[in-house]
Structure formats: C-alpha cells, structure tokens
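Notes follow once the structure below has been shown.
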Amino acid sequence: MEPLSLVLGIITGLGAGTASAIYLINNKNKKKSNGIVAEAKQKAEAILKAKELEAKEKFYELKNQHDEKINLRNKEVNDAENRVKSKEQSLNDKIVNFEKRAKEIDTVKNELTNQIEVAKVKRAEAEKLHASQVQKLEKIAGLSAQQAKDELVEALKSEAETQALAQMKLIIDEAKLNASREAKRMILQTIQRTAAEHVIENTVTVFLIENDEVKGRIIGREGRNIRALEAATGIEIIVDDTPEAIILSGFDPVRREVARLSLHRLVSDGRIHPGRIEEVVEKTRNEVEQEIIEIGQKTVVDLGINGLHPELIRMVGRMRYRSSYGQNLLKHSREVANLCAIMATEFGLNPKIAKRAGLLHDIGKVPEDDPETPHALLGMKLAEKYGEHPDVVNAIGAHHDEIEMNNLISPIVQACDAISGSRPGARREDSEAYIKRLQDLEKLAVGFEGVDKAFAIQAGRELRVFVNSDILDDKKSDLLSFDISQKIMKEMIYPGQIKVTVIRERRAVAFAK
C-alpha cells in the first residue's frame, strides 16, 4: 500500500504546487495589466489634451480667415455703393443739363420757325418781283425767257465745241509728234543694227543640162520618165524649147528641191527609168528631211534660243523652203527675231522671249494639213501644243490681230514683222490685190459726208481727200482726217502707214460784163 500512498502524495503535491504557481502567475499578470492600463490612460489623456489644443488653434485660424473675408466683402460692398451713388449723382446732373438744353432747343426752334415764315414771305415777294422783271425784259428784248436760255445754251455749246476741238487737235498733234519721234528713233536704231538681204524667192527652179540628148533621156520613151518623176516629186516639169534648161514649177520649195537634187543625181548617174527614179527620189527626200532638221538646229543655235521642241525645230528648218510674197520665210523669221530682240531691249523687256516669238511668229505657214485655219491661229495652236511661253503663244496668234494682245511682246512682234515685210525689195505683191486695196481705200474715204473725191497716191501710202467747202468748215475738216485715219486702222490691212490729207478749197467766182 505504500506505493499507492506515495503516488497519491506525489499527485497531491503536484496539485498544490500547480495551484500555487497559477496563483502567483495570475497575481503577477494582474499587476502588470494594471500598470499597462494606467500607462495607456496617461498617454490617452496626453493625446486628448494635444488634440484639444490643436483644434483650438485651427478654430482660431479659421475664425481669422473668415473675419478677413467678411471685412473684404464689406469693403467691396461699400465701394460698389459709393460707385452707384457717384453714377446716380452724375446721371442726375445729366438729366438737369438735358432739361436745360431741351428748353434752349425749344427756344431756338421757335426762333427758326419765325425766321422761316419771314423767309417764305420774302421769297414770295422776290418771286413776284423776279416775274415782273422777266416780263419787262421779255417786252424789251422781244424774246421769252425759255428762248433766251436756248440761245445762250446754243452759243455756249458752240463755243465749247470749238475750244474742245482746238484743244483735241493740239493734244493729238503733240502726241503724234512725240510718239512719231520716239517710234522713228527706236525703229531706225533697230533697222540699222540688223543686216538683211533683199532677195525675192521664185516659184520655179531652172535645172541646167548639157544638151538636148539629156533632155530626151529625162523625158523617156513616150514620156514615162517625166511622168514618173512628176508623180514621185509632185512637181510640174516643163520641157520647152529653152535650150539646155528644164523648168521645175511648183509652190512647194521642198518638193522643188527634192526634184532638183533627184534630177541632178539621175543625170550624173545616167540611169534614168521609173524604178530608179522612185528610188532616187525617196533617198533624196530623206536627205532633204535630215537637212531640214540640221537647218533648224543651226538656226536656233545661231539665234541663241534654247529648249525648243524638236518638232518646232523641224518646222523652223522647213521655213528655209517656204516663201511669203516671194520673201524667204526662214530669212524673214530670223530677221524678225533679231529685230524683236533689239526692240525689246530698247523697251526694257525680255529679249529672249521676244526673239523666240519673232522666230516662231510664222510657224503656222509651214504645216499643210490645215489650210483653212489662218496661219497666225494655227501657229498659236502649235506653240501652245509644244509648251511655249504664254507670251510667245499670244504674240504668234496676235501678230495679224486674229486675237487680242495681252502683253507688250505681241505689238513688238507685229511691228517687226511689218518692218521686215514692208521694206523695199523684200516682197512682191499681186497686182490685182494691190489695185483692190487702193480702190477699197478710196471707197472708204468717199463714204464720209461732205467728201467729193478721194485719191490714193504714193503706192497707197497717202490718201488725199477733197471735201465740199459748203458742207464742211476748217474745224470739221480737221476732225474728218482723224475719223478717216481711225476707220482705215480698224477696217483695212496694209503695210507701213497711210497719210490722210484732207483738202478744203474755197473758190469765189465773179464775172465782169
């Protein structure tokens, strides 16, 4: 039984020890908890006091800000009240001044009304007095007031027309003198600086041969060779009794040149038959075409013109084989180009554009596919098609007044074209066209009132007009010469200029019996 007792004793001791330990631990924790609680209370009280102090400071700060805003708002309200009071006072002053001014205006209005009434009365009296005076004057003069006015107006009108005509004549004379002097100076200087050949191109070419035997070989059996040659070249070959010569006739110089060179080769070679003729003509035509291109290139290089379209260069070369009234077209165009460059320089314009327009102004005469279109318009279309400058395009189209000019290069090209074509020996003109132009010139002058007779003299460069002295006086004769010259410029095309001379002759005849 002792072990059991020992175990129970041990258990009892352990229980008592455990209870004592638990008690001691609880007692120690309780003291520690009380200390922690006390410390937490102290910290809480300190934090509370700090927060209360911070809240008070924040309150005082917000209160000060609010007071400042209130004071500022009160100040603004006071200022606004002061401004309103000031404006109200100013408005009251203006109302007072306005009422005072209105009274003054009413006073002046009344005075003006009285003056108007007085003026009406005086005006009525004046009208009565004027009417009585007019009646007295009408009785004295034997004319009514309207008749006197009409006579005065007519006299003043006649005097004004006389003075205006005299002034107009003086202005025109001065303008003509100055313009003529300046134009002559520029034109003479331009012409003197340009050398030109006086050569007339023909529409026939004479081909020389050694003897009549060669002529017979050219004709061939039953004329087959000459027919083949005419068919291949498009040129009429005239074989007559002229010794040692054959005439090549045609208006196309290119074809005449192809025919001439082909004949030369056929005669030199000795083999003349239709097959050989076609071969030689084709070969010659290709060579002439190549020569045309080379001539065009040489021309633009000589004139210093750059950037010209290849097709335009070829057309420039073809000008070598074209003529205008017997004047070689290429020589004419080169001459016009040089004249344009010189004249443009005198006027302070671009000489390169002027020279380009002068060279191309007759380019429309080269193509053969559109014969109905005027060459100026056709040339303008070609220049526009190949990208020429707008001033060049307008100058080409306007050099015969087909379109309106829009730049200063155009009248220069027109003037230089006339200079080159109208100089003596440059061109020949068909006699019928020449006679018709003179007749049209005389007919135009006779169509004016008071003209008895008109004569075109000096190869159409002067028009003498004889007028009826009973119908036209000296002043109207001066005006007539101006009107005729203006109508000639508007309705006729002519080279150079035409001098209009009006002659008024007064004859007094008496008989002694």
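The values are calculated or read from the model by the stated rules, or taken from the named source; none is laboratory data. This is a predicted model, so every value here is computed, not measured. Please note: Cβ atoms are built from the backbone with ideal geometry, for glycine as well, and neighbour counts cover all protein chains shown. Note: areas computed on protein heavy atoms with side chains; ligands, DNA, RNA excluded. Shrake-Rupley method; radii C 1.70, N 1.55, O 1.52, S 1.80 Å.
Here are the numbers:
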{"quantity": "Among (1) open to solvent by 20 Å² or more (accessible area, probe 1.4 Å); (2) in contact with a Lys or Arg (Cβ under 9 Å, 6 or more places away or on another chain); (3) not aliphatic (A, V, I, L, M) - the single one S262 does not satisfy", "calculated": "(1)"}
{"quantity": "Test: I292 is touching a Gly at 6+ places or on another chain (Cβ under 6 Å), outside any loop (DSSP other than H, G, I, E, B) and either closer than 30 Å to R221 by Cα or of a type in the set (A, V, I, L, M) (or both)", "calculated": "yes"}
{"quantity": "Checklist (1) modelled with pLDDT of 90 or more; (2) surrounded by fewer than 24 Cβ atoms within 10 Å (Cβ to Cβ) applied to M380, failing item", "calculated": "(2)"}
{"quantity": "Flag for E257 being under 22 Å from S323 (Cα atoms), open to solvent by less than 60 Å² (accessible area, probe 1.4 Å) and not β-branched (V, I, T)", "calculated": "yes"}
{"quantity": "H309 vs. criteria open to solvent by 60 Å² or more (accessible area, probe 1.4 Å) and closer than 30 Å to A341 by Cα", "calculated": "yes"}
{"quantity": "Residues (in a loop (DSSP other than H, G, I, E, B) and touching a residue at least 40 places away in the same chain (Cβ under 8 Å)) located in the stretch 469-494", "calculated": "M492, I493, Y494"}
{"quantity": "Filtered residue count, the stretch 56-99, keeping only those that are open to solvent by 100 Å² or more (accessible area, probe 1.4 Å) and hydroxyl-bearing (S, T, Y)", "calculated": "1"}
{"quantity": "Odd one out for R320, checked against (1) open to solvent by less than 80 Å² (accessible area, probe 1.4 Å); (2) in contact with a strand residue (DSSP E or B) (Cβ under 9 Å, 6 or more places away or on another chain)", "calculated": "(1)"}
{"quantity": "Test: residue in the stretch 332-346 that is over 28 Å from the mean Cα position of the chain (by Cα) and buried (at least 21 other Cβ atoms within 10 Å of the Cβ)", "calculated": "yes"}
{"quantity": "Complete set of residues in the stretch 119-133 that are open to solvent by less than 80 Å² (accessible area, probe 1.4 Å) and among the polar types (S, T, N, Q)", "calculated": "S132"}
{"quantity": "Residues within the stretch 495-504 that are open to solvent by less than 100 Å² (accessible area, probe 1.4 Å) and assigned to a loop (DSSP other than H, G, I, E, B), tallied", "calculated": "3"}
{"quantity": "Residue tally, condition modelled with pLDDT under 75, open to solvent by less than 60 Å² (accessible area, probe 1.4 Å) and among the acidic types (D, E), over the stretch 410-469", "calculated": "0"}
{"quantity": "Failed item, numbered, when Q147 is tested on (1) farther than 30 Å from K476 by Cβ; (2) at pLDDT below 75; (3) of a type outside the set (F, W, Y)", "calculated": "(1)"}
{"quantity": "The stretch 376-393: number of residues that are under 14 Å from E404 (Cβ atoms) and under 18 Å from the mean Cα position of the chain (by Cα)", "calculated": "4"}
